[in-house]
Amino acid sequence: MNPGLLADYFDRSSLARELNCSERTIARYENQADGLPSLMLAGKRYYRKAAVLEFLQQRERKRNPRRAA
């Protein structure tokens, strides 16, 4: 992606590469009830890097202390 106005955004293919998953998985994340926020611009989806990080942080799970061994 070229720097400039969209420098703080991923497109779908670059986000999929960054997360090591398919573009279809990214689309599924968008369709979840509390899904990945995106911006549609000129027929293409973009994802703000800070919003992606927040989305991932919301999905972190804490370790179950009863299973600690």
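The values are calculated or read from the model by the stated rules, or taken from the named source; none is laboratory data. What you see is a predicted model, and the numbers here were worked out from it, not measured in a lab. So basically every Cβ, Gly included, is an ideal-geometry build from the backbone, and we count neighbours across all protein chains shown. Surface areas here come from the heavy atoms of the whole protein model, side chains and all, with no ligands, DNA or RNA. Shrake-Rupley method; radii C 1.70, N 1.55, O 1.52, S 1.80 Å.
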Identity of the residue in segment 14-59, more than 11 Å from the chain's Cα centre (by Cα) and among the small types (Gly, Ala, Ser), that ends up modelled with the highest pLDDT: 22
Count - residues of segment 39-49 that are open to solvent by less than 90 Å² (accessible area, probe 1.4 Å) and on the phi > 0 side of the Ramachandran plot: 1
Filtered residue count, segment 50-62, keeping only those that are open to solvent by 90 Å² or more (accessible area, probe 1.4 Å) and either assigned to a helix (DSSP H, G or I) or of a type in the set (Asp, Glu) (or both): 5
Complete set of residues in segment 3-18 that are assigned to a helix (DSSP H, G or I), over 15 Å from residue 37 (Cβ atoms) and not hydroxyl-bearing (Ser, Thr, Tyr): 16, 17, 18
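Okay, residues lined up against (1) touching a helix residue (DSSP H, G or I) at 6+ places or on another chain (Cβ under 9 Å); (2) open to solvent by 70 Å² or more (accessible area, probe 1.4 Å); (3) of a type in the set (Phe, Trp, Tyr):
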site	(1), (2), (3)
5	no, yes, no
18	yes, yes, no
23	yes, yes, no
27	yes, no, no
37	yes, no, no
64	no, no, no
